[in-house]
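Worksheet for the structure shown next.
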Amino acid sequence: MAKDHQTGKLAVILHADVAGSTQMVQQDEHLTHDQIQDAFRRFSDVINKYSGRVLELRGDALLDEFDRPSDAIVATLAFQAGHSTFLSTLTDDLKPEIRVGITMGEVVIADNTVTGAGVVLAQRVEQLADTGGLCITSAIHEGLPRRLPINFENIGEQALKGFDDPVHVYRVKLRPGEVVPPPEQSNQENFTSGRKKIAVIGVIALVVSISLLAWLTPWGSINEKGVADSALSGSAIPSIAVLPFDNMSDDPNQEYLSDGITEDIITDLSQLKNLAVIARNSSFTYRNTSAKVQEIGEDLGNKYILEDSVRKAGNQIRITAQLIDTDNGHHLWAGRFDRELTEIFALQDEITEKIVTALSIQLNGDEQQQLSRNTTNSFEAYDLFLQGQMLGARFTKEGFEQAAETYRNAIKLDPRFARAYGALAVTLTRQVTTGYSDSPAEMQERALEMVQKATAVNPYSPQAKWALGYVYMYRKQFDKAVEALERAVSLSPSYADGYAMLALIKNNLGHAEEAIRLIEKGIKLNPYYSWDYLYNLGRAYYALGDYQKATQYLQQALERNEAPRAPRLFLIASLVQLSQLEDAEWEIMQLEVSNPEVTLSHLQAVLVIADTELWNRLKDDLRAAGMSE
């Protein structure tokens, strides 16, 4: 009999089995079989709702694949929550509790069976899970959005049978009091429409990761935690990290409000030239952790920490805050504020003023004027803006559409709300770049109109300038994009993601040395930087001809997030320049598995590269590795 054609691909893999199934079978084989099959049927239904695909169902084990790590985790938690309730209704002792392992790896489908190292790894990781629990690898952990209502338990490096190198593993649980997010309607549409949209998303992922939550210097070595050693501890000016405000409201869905207040205070403080402020990405890694302030200060390299909580009840809000010296744990200032919701902006200003006073920071006239400018005086408009941020962070067609409409409603309530105009402009641009627009040229013009209104209403808003640079970059008006981003970081000297975006534009222009300098400055302010910082470094070193360094940084970028294709493109080209053609060809195969339509002509149409010499070199290297025209 001829063998079926073998296919290999990189996927998010879920493996589940029933803990203690052997003992259950010994008690009652037929009942155990029926209950396990019933459990897996219900699990399969949940998996399908979250856009997963069941690959195999055999005995007491289930194997599935997903396109997105977040879908795999949320589907598991959704099933386990319902399954736990179901088991509590059973009157016998045969209660199949299912443990799950999720990882990212290659699967090979041949002769109607599914094999591959990724499958074995998922099995090994699943065996580390508690009964009825879930474990994931670091590759899955690093690619997750922060919006998920989950807690992680870091169980460290694990030696797994069949694998030479230890694997970093996390246990995952639903955050107490939280609700499992429902499946996004667009997920199944995106899958059934093929991989074209996935490919388009991959192209813009280098910008998306930088900008996803940015609304609102020397390169350090990578330590054992995978973060940069911060240089802020030796800075001549004080440095601060604002930890995410705890949501103490009865409604867990109000977390977007507490996050928004946190981000606004970070934004305000970042505008002060005599204060270094840790980026949101890094400070938010300490959400729901038990780390002591001294540990956080040592980890991030900052001198001070602001801890806070928010409680919203009706039209009342209470904020408690405390400013702590990380060297000795002493409180420099603490306060509790009870206000009407309509006074929230004045309250944010008051907290910022208290911090400035406690740290004896001298403000110049421009800084005093900047801090006195409220983004809006309408709480309703502000609340809509924060909801729009949450919707847009989903990066789905429906999420973008809903976010755009929410921003429009905020603008109706306050026609002088600059950040709402800017956020709308970014959302419209993302709809174009992801292929979600039926009239891209018209939408791009609308985005430009909105962002120009944002900067006209408030020319001193770093977020508005960031949005202006973002829109101009995708219009390939690079000089204007650079001007806008330089103004953004001038207005906000601690704007880590502003430096990262400016570095990306400099890379597109072929100004590699400037890109490296800017990324190093961003890393100094954002020790828990994301994959795109490493991508920008690798891409810059490729442009400079240092292919060894380029390969090092690009491989690290892919270790943090395998999904974006931009780092792999420059890694392939760097390997060709190092005469490592077999490795380059292997990377081409990996790229074709996830993005089969990628060709040189396709890349020329979608990549934003202004430097002709750089593009020609990249194209020649990709062609040498075997990429088709």
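The values are calculated or read from the model by the stated rules, or taken from the named source; none is laboratory data. The model shown is predicted, which means the values in this text are computed figures rather than measured ones. All Cβ positions, glycine included, derive from the backbone under ideal geometry; neighbour counts span all protein chains shown.
One residue stands out in the range 75-98 among those that are touching a strand residue (DSSP E or B) at 6+ places or on another chain (Cβ under 6 Å) and part of a helix (DSSP H, G or I): the one that is surrounded by the fewest Cβ atoms within 10 Å (Cβ to Cβ), namely 77.
Residues in the range 504-547 that are of a type in the set (Gly, Ala, Ser) and under 19 Å from the mean Cα position of the chain (by Cα): 522, 530.
Quick one: is residue 438 closer than 30 Å to residue 283 by Cα and among the acidic types (Asp, Glu)? Taking the combined requirement at face value, the residue does not satisfy it. If you check 593, 608, 576 for being over 20 Å from residue 515 (Cα atoms) and either of a type outside the set (A, V, I, L, M) or within 24 Å of the chain's Cα centre (by Cα) (or both), only one passes: 593. For the range 563-605, the tally of residues that are outside any helix (DSSP H, G or I) and in contact with a strand residue (DSSP E or B) (Cβ under 6 Å, 6 or more places away or on another chain) stands at 0.
Taking each residue of the range 476-503 that is more than 17 Å from residue 274 (Cβ to Cβ) and looking for partners that are acidic (Asp, Glu) and assigned to a helix (DSSP H, G or I) with beta-carbon atoms closer than 8 Å, six or more apart or interchain, yields 500/532; 502/486; 503/514. Select from the range 268-289 the residues that are within 18 Å of residue 357 (Cα to Cα), touching a helix residue (DSSP H, G or I) at 6+ places or on another chain (Cβ under 7 Å) and among the polar types (S, T, N, Q) and list them in ascending order. Residue satisfying the conditions is 271 alone. Of all residues in the range 62-83, none satisfies being of a type outside the set (D, E, K, R) and touching a Ser or Thr at 6+ places or on another chain (Cβ under 6 Å). Looking only at residues of the range 15-41 that are acidic (Asp, Glu) and out of contact with any helix residue (DSSP H, G or I) (no Cβ under 8 Å at 6 or more places or on another chain), we find that the one that is surrounded by the fewest Cβ atoms within 10 Å (Cβ to Cβ) is 29. Residues in the range 399-419 include none that are at pLDDT below 90, in a helix (DSSP H, G or I), within 25 Å of the chain's Cα centre (by Cα) and among the polar types (S, T, N, Q). Hey, can you tell me all the residues within the range 366-384 that are out of contact with any Phe, Trp or Tyr (no Cβ under 7 Å at 6 or more places or on another chain), at pLDDT 80 or above and outside any loop (DSSP other than H, G, I, E, B)? Answer for the range 366-384, where residues must be out of contact with any Phe, Trp or Tyr (no Cβ under 7 Å at 6 or more places or on another chain), at pLDDT 80 or above and outside any loop (DSSP other than H, G, I, E, B): 379, 380, 382, 383, 384.
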